[in-house]
Amino acid sequence: MKLLVAFAFVFISYHIANAQDDVQLVQFTNDNNPDGSYNFAYEQSDGQKREEAGVLKPVEGAESPAISVSGSYEFTDPNGQRFRVVYTADERGYRPTVTKL
């Protein structure tokens, strides 16, 4: 009986691990520019999405420029609810806005 339970546990664990591996990359872009700016985006078959762009900009009182980043991502929580986060991150900090979809 113990052998049967152990076999069932291994069988179920294997299939759960493989189910998580079934997520595929649907779309991907990535650009890095000589001026320090960049952008990237991706989408996965499970609906997860992310896009981001960054640029160097002068900051008053600083010797060198700072990076300013803006972007968004979407995900599904464990209860099945979808969310979208739109954010900006720069010398003033990280500022997200979360929306239920």
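The values are calculated or read from the model by the stated rules, or taken from the named source; none is laboratory data. Since the model is a prediction, treat every value here as computed from it, not as a measurement. Glycine also receives a Cβ, built like all others from the backbone with ideal geometry; neighbour counts cover every protein chain displayed.
Tell me which residues, restricted to the stretch 54-100, are loosely packed, with under 10 Cβ neighbours inside 10 Å and under 22 Å from Gln44 (Cα atoms).
Residues satisfying the conditions are Asp77, Pro78, Asn79, Gly80, Val98, Lys100.
Taking the residues in the stretch 72-98 that are polar (S, T, N, Q) and at pLDDT 95 or above as candidates, determine which candidate is nearest to Val23 (Cα to Cα).
Residue satisfying both the conditions and the ranking: Ser72.
Suppose the filter is more than 12 Å from Asp90 (Cβ to Cβ), loosely packed, with under 13 Cβ neighbours inside 10 Å and under 21 Å from the mean Cα position of the chain (by Cα); does Asn32 pass it?
Yes, satisfied.
Just give me the residues in the stretch 43-87 being farther than 21 Å from Phe28 by Cα and β-branched (Val, Ile, Thr), in sequence order.
Listed by number, the residues that qualify are Val59, Ile67.
Checking Phe40 against (1) in contact with a Pro (Cβ under 7 Å, 6 or more places away or on another chain); (2) surrounded by 11 or more Cβ atoms within 10 Å (Cβ to Cβ): exactly one of these is not met. Which one?
Of (1) in contact with a Pro (Cβ under 7 Å, 6 or more places away or on another chain); (2) surrounded by 11 or more Cβ atoms within 10 Å (Cβ to Cβ), only one is false for Phe40: (1).
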